[in-house]
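The values are calculated or read from the model by the stated rules, or taken from the named source; none is laboratory data. Everything numeric here is computed off the predicted structure, so don't read it as measured data. Reconstructed Cβ throughout: ideal geometry from the backbone, glycine too, with neighbour counts over all protein chains shown. Only protein heavy atoms, including side chains, enter the accessible area calculation; ligands, DNA and RNA are left aside. Shrake-Rupley method; radii C 1.70, N 1.55, O 1.52, S 1.80 Å.
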Amino acid sequence: MRPSILTVNAGSSSLRFAIYEAGEEPRLCSSGKVDRIDPNGFAGATDALQDWLGRQPSARSIVAVGHRVVHGMKRSEPERVTARLLKDLRRIRAYDPDHLPNEITLIETLLRHYPEWMPVACFDTAFHHAMPSAARLLPLPRRYIDKGIVRYGFHGLSYSYLMEELRRLDPRAANGRLILAHLGNGASIAAVHRGKPMDTSMSFTSAAGLVMGTRAGDIDPGLLRFFMRTGGMSVERFDEMITRKSGLLGLSGTTADVRDLLAKENHDPHAAEALEVFCYQARKWIGSFAAVLGGIDTLVFTAGIGENAPEIRRRICQGLGFLGIELDQRRNTRNAAVISRNESRVTVRVIRTNEEIVIARYVSRMLRKG
Ligand code: ADP
């Protein structure tokens, strides 16, 4: 049996895992998922992972485990987990209380039970680390910037996958002016030029940017003071409101799920408004990143909504003809790989993202290097 790699991806309410045979191009052996994890029940999910591992014949050949880690601060590359890295991650727990504590728990649990597996951390922030300073700096007092309070950006493993796919599909396009739209429950958008990250919508935390399933995205910072002073709202409740009760869920009052919203928008005006705001904001971000890039050559949609919701893609792209974006509605409806018209100046693509294989490739490479 060839050595294999376990990949683990701990979200705020889900845990995804897979086993890959290591190699130049890692081969998927098996995968699994625990969904709808209660915020206080993450330990149960790690138990489920261990049960699953016990049933996988390929688990016996695991030699390394690649963890998706949301925040890596200034790190630009995946890193072998050391005591020092773990200490750093514990120190920045508060940067992302929805993801980091779960990810740290998972790293520690697997280290305890499988000390012979080499643990590797693959950071979602790494993709963006070379952003120009104008995009990276938040206009705060200098002392906070010196402490690392800057724009980091997220969904980096997904963006890395899109870049690798583009390089394979169309190397010239991969080197051009790109806008990558990762539209899932969490949503962000990134601008890339000549393969380099130029800007992204998420910031110091993943709460920023686009309207999301339950996150508000960018809002007026003055709202914090307003809610605290007039409604006596605590910081915890404010945070809960803007990260778990806003976005599509907040606006519709019923659901964060785009499928459900599309099904009921005709008889539910709030559902219709939620989708309208989502598409409007996405279009606005694409326009602003086109300005950042001085035009756009390729637009890529990915993740749950980006890959599967032609109607949302159509509405986002509507009115972007002035940038050279013209969809072919038949291709769009089929979720084809290229959904723009042949005459469209901008090539619009749908790419199914795969964060797991990106992790497996990184770890494979580290194994090869020894
Ligand atoms: P996460 O950020 O949790 O990984 P996903 O990438 O799975 O999220 O995206 C979830 C979103 O994708 C949900 O809003 C869901 O409604 C939407 N979605 C998935 N499939 C479809 C579909 N066929 N049509 C419209 N929306 C879809």
Fraction of accessible area attributable to carbon and sulfur, the chain (%, probe 1.4 Å) = 50
message = Cα atoms only: what Rg and Dmax, in Å, come out for the stretch 123-184?
response = 14.2, 44
query = Quick one: Kirkwood hydrodynamic radius for the stretch 285-333, alpha-carbon pairs, angstrom, one decimal?
reply = 11.5
inquiry  = Which trypsin sites (Lys or Arg not before Pro) in the stretch 120-211 sit in a loop by DSSP (not H, G, I, E or B) and have at most 14 other Cβ atoms within 10 Å of their own Cβ?
reply    = Lys147, Arg194
ask   = Which residues in the stretch 61-82 place their backbone N less than 15 Å from a point set 7 Å from the Cα of Leu111 along the Cα-to-Cβ direction?
value = 65-69, 79-82
request  = Run through the DSSP bridge list for the chain and note the antiparallel percent, rounded to the nearest 5.
outcome  = 60
key: Dipole moment magnitude, nearest 20 debye, the chain about Cα centre, only Lys, Arg, Asp, Glu C-beta charged   = 960
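How much accessible area per residue does the chain have, in Å², with a 1.4 Å probe?
Working: 17530 Å² over 370 residues.
Accessible surface, normalised per residue, equals 47 Å².
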query = Between Gly232, Gly209, Gly44, which gets the highest mean-square fluctuation from a Gaussian network model of the chain, Cα cutoff 10 Å?
reply = Gly232
ask   = Met241: accessible area at probe 1.4 Å, nearest 10 Å²?
value = 50
inquiry  = Using the Cα centre of the stretch 92-156 as the reference point, and only Cβ charges (+1 on K/R, -1 on D/E), how large is the resulting charge dipole? Debye, rounded to the nearest 20.
reply    = 440
key: Set of the stretch 200-240 residues, backbone N closer than 13 Å to the point 7 Å along the Cα-Cβ line of Ala94   = 236
note = One checks the Cα atoms of the stretch 242-287 and finds Rg and Dmax, in Å, of 10.4, 31
task = Report the percentage of all Cα-Cα pairs in the stretch 208-327 whose separation exceeds 18 Å, rounded to a whole percent.
result = 57
task = Alpha carbons only, please: Rg and Dmax for the stretch 32-126, in angstrom.
result = 13.5, 38
Theoretical ellipticity at 222 nm over the chain - DSSP helices of four or more residues, -39500 (n - 2.57) apiece, nearest 500 = -12500 deg cm²/dmol
task = State the answer as a single residue: which of Gly370, Gln318, Gly44 lies farthest towards the positive end of the charge dipole of the chain, with beta carbon charges of +1 for Lys and Arg and -1 for Asp and Glu, about the Cα centre.
result = Gly370
ask   = Hey, if you drop one equal point scatterer on each alpha-carbon of the chain and run the Debye formula without solvent, what base-10 log of I(q)/I(0) do you get at q = 0.07, 0.08, 0.12 Å⁻¹?
value = -0.31, -0.41, -0.96
message = Only sites in a loop by DSSP and with at most 12 other Cβ atoms within 10 Å count here; which trypsin sites (Lys or Arg not before Pro) in the stretch 1-97 make the cut?
response = Arg36, Lys74
